[in-house]
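Asks: Quick one: this structure, given as structure tokens, is what I'll be asking you about.
The values are calculated or read from the model by the stated rules, or taken from the named source; none is laboratory data. All of these numbers come straight from a predicted model, not from anything done at the bench. When we count neighbours, we look across all protein chains shown, and the Cβ atoms used for this are built from the backbone with ideal geometry, even at glycine. Protein only, heavy atoms only, side chains kept; ligands, DNA and RNA dropped before computing areas. Shrake-Rupley method; radii C 1.70, N 1.55, O 1.52, S 1.80 Å.
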Amino acid sequence: MRVYVPLTLPRLAEAYEAGELGPGPLVAYAVTPALREWYVSDDIEELEYAALNRAAMASLRLIAVDPDAGVARRRVVLAADVPDGDAVADPDRGLDQGALGEVRLLGGLPLGKAAAVHVDAADAEADVAAAAAALGTADQGDDDARFVVDGAEDHELLWFATQEIPGLIG
């Protein structure tokens, strides 16, 4: 199963130094039955893109609460392949709109299982920083703040091979 783990650049650096993400449990996103039902598609690429976008939003939430995210305010999502049984969806949250596609990885995740890293381009940093600052207000229903958050979502995450991680965190 392909999972998408939301991170920040500092957390990616920590994982790179340790050789793994963890310890568990880790929050990740994947193509779950609830996500399939919500997205109403049988196209696995579309569904995985939806899971990636859910993880990107979770990364934005991490940036909003992480003072160590520093100057480089970019969303980061690590894509990894894990055995199906390692990614567990909470059945009690299956219909919760905020938890669509959310799974838990009970143990750590060796970086060797990573397939790729998705990261915002440098030109997205201002929009990501503004979105992180507006997130709390947007969650309370403010339309102007929601517009600012959507500005970050307008940026597509770039794909990087795992061998490129040192260049991303350096």
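Asks: Only residues that are open to solvent by 10 Å² or more (accessible area, probe 1.4 Å) and at negative phi: list them for region 8-20, please.
Replies: Within region 8-20, the subset open to solvent by 10 Å² or more (accessible area, probe 1.4 Å) is 9-11, 13-14, 16-20.
Within region 8-20, 9, 10, 11, 13, 14, 16, 17, 18, 20 qualify.
Asks: I've got another one for you. Being open to solvent by 80 Å² or more (accessible area, probe 1.4 Å), under 16 Å from the mean Cα position of the chain (by Cα), closer than 26 Å to residue 32 by Cα and touching a residue at least 24 places away in the same chain (Cβ under 8 Å), is that true of even one residue in region 101-112?
Replies: yes
Asks: Then there is this: Would you check which residues across region 140-154 are over 18 Å from the mean Cα position of the chain (by Cα) and in a helix (DSSP H, G or I) and list them? Can you show your working first?
Replies: Residues of region 140-154 that are over 18 Å from the mean Cα position of the chain (by Cα), as a first pass: 140-148.
Result: 143, 144, 145, 146, 147, 148.
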